[in-house]
1. Just checking, how many residues over the stretch 170-183 are open to solvent by 20 Å² or more (accessible area, probe 1.4 Å), more than 28 Å from Leu137 (Cβ to Cβ) and in contact (Cβ under 8 Å) with a residue 60 or more places away in the chain?
2. So, Met85, is that one among the aliphatic types (A, V, I, L, M) and open to solvent by 20 Å² or more (accessible area, probe 1.4 Å) or not?
3. Looking at the stretch 162-195 only, could you name the residues that are of a type in the set (S, T, N, Q) and within 25 Å of Thr19 (Cβ to Cβ)?
4. Being in a helix (DSSP H, G or I), in contact with a helix residue (DSSP H, G or I) (Cβ under 6 Å, 6 or more places away or on another chain) and open to solvent by less than 70 Å² (accessible area, probe 1.4 Å) narrows it down to one of Leu64, Leu55, so name that one.
5. Filter the stretch 16-47 for residues that are under 18 Å from Val176 (Cα atoms) and surrounded by fewer than 12 Cβ atoms within 10 Å (Cβ to Cβ) and give the result.
6. Within the stretch 173-199, count every residue that is in contact with a Leu (Cβ under 9 Å, 6 or more places away or on another chain) and either among the basic types (Lys, Arg) or farther than 23 Å from Gly45 by Cβ (or both).
7. Go through the stretch 90-115 and give me each residue that's crowded, with 17+ Cβ neighbours inside 10 Å, over 19 Å from the mean Cα position of the chain (by Cα) and among the hydrophobic types (A, V, I, L, M, F, W, C).
8. Which one of these does Glu209 not meet: (1) in contact (Cβ under 8 Å) with a residue 40 or more places away in the chain; (2) at positive phi?
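The values are calculated or read from the model by the stated rules, or taken from the named source; none is laboratory data. Quick caveat: nothing in here was measured; it's all calculated off a predicted structure. Neighbour counts are summed over all protein chains in view; Cβ atoms, including those assigned to glycine, are modelled from backbone coordinates with ideal geometry. The protein model used for the area step is the full one, side chains on, heavy atoms only, and it has no ligands, DNA or RNA in it. Shrake-Rupley method; radii C 1.70, N 1.55, O 1.52, S 1.80 Å.
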Amino acid sequence: MLVTWFLERGGGFEKPVVTHFFNSPAVQAAIRVVDRGGTPTALHGKVQNVKFKQLGCTAVTLDLFDKFYSADIIREDDQSISKCMDRYLDGGVTVADRLRETLMCGDDCDHCELFTDEEKNEFLYHVLWRIAAGGALCQWEDDFTPYRDAARGIYKDLVGVQKNPLTQELEAVSVVYQVHGLDASVPLFARESDNQNFCYLCINPVRREVVYWYSGFVSMW
């Protein structure tokens, strides 16, 4: 779910904006969270104790993904993704290739140290992770091209860039927060799932807008 919210002049860009976002009557009227049965549900009333962290947002190219080629997770000649033995995660989620294994299985995979903690904290990494993870009945891809193209398109939609007047180089200007939970009339995530639950606030200080990107896990089993 994507919702765009425009900031008032004089607003800050850290915790006040995150808390104010979820407490705005206009936002509460527009956004939905998913309950345990998969029904979109509105937030209402006071929201407090928002748990979040700031992500890195520096990428202006897809160079971060080059590591998948150097580790033979993706074959550069045909973009095919290397397979692995089926792994079964909570909620009936199956992992059958090394790309999704690297992104979804944390420290319990052969390539857990392929990316540094700083790289894993980059919003571009998160975008690819969420696309590849999909939902409980995700029909995964056999080659990397659809993932790469989708990640590029979503990242461009969510992250603002501008040219640095001193260097003439493009740089990202957005501030991105990953929201883990909050105290409200309904929980942000009704079911536990690190891979399928996500909520991001992408704040563009130039355009003075906040984009809300959310998905709540619904188990099919």
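1. Residues flagged as open to solvent by 20 Å² or more (accessible area, probe 1.4 Å), more than 28 Å from Leu137 (Cβ to Cβ) and in contact (Cβ under 8 Å) with a residue 60 or more places away in the chain within the stretch 170-183 amount to 5.
2. yes
3. From the stretch 162-195, those of a type in the set (S, T, N, Q) are 162, 164, 167-168, 174, 178, 185, 193, 195; that's our starting set.
Across the stretch 162-195, the qualifying residues are Ser174, Gln178, Ser185, Ser193.
4. Numbers: Leu55 fails: in a helix (DSSP H, G or I).
Criteria check complete, one pass: Leu64.
5. The one that is under 18 Å from Val176 (Cα atoms) and surrounded by fewer than 12 Cβ atoms within 10 Å (Cβ to Cβ): Pro16.
6. Here is the first cut: in the stretch 173-199, the ones in contact with a Leu (Cβ under 9 Å, 6 or more places away or on another chain) are 174-182, 184-186, 188, 193, 195, 197, 199.
Cutting the leftovers down to either among the basic types (Lys, Arg) or farther than 23 Å from Gly45 by Cβ (or both) gives us 174-176, 178, 193, 195.
Residues flagged as in contact with a Leu (Cβ under 9 Å, 6 or more places away or on another chain) and either among the basic types (Lys, Arg) or farther than 23 Å from Gly45 by Cβ (or both) within the stretch 173-199 amount to 6.
7. The one that is crowded, with 17+ Cβ neighbours inside 10 Å, over 19 Å from the mean Cα position of the chain (by Cα) and among the hydrophobic types (A, V, I, L, M, F, W, C): Cys109.
8. Of (1) in contact (Cβ under 8 Å) with a residue 40 or more places away in the chain; (2) at positive phi, only one is false for Glu209: (2).
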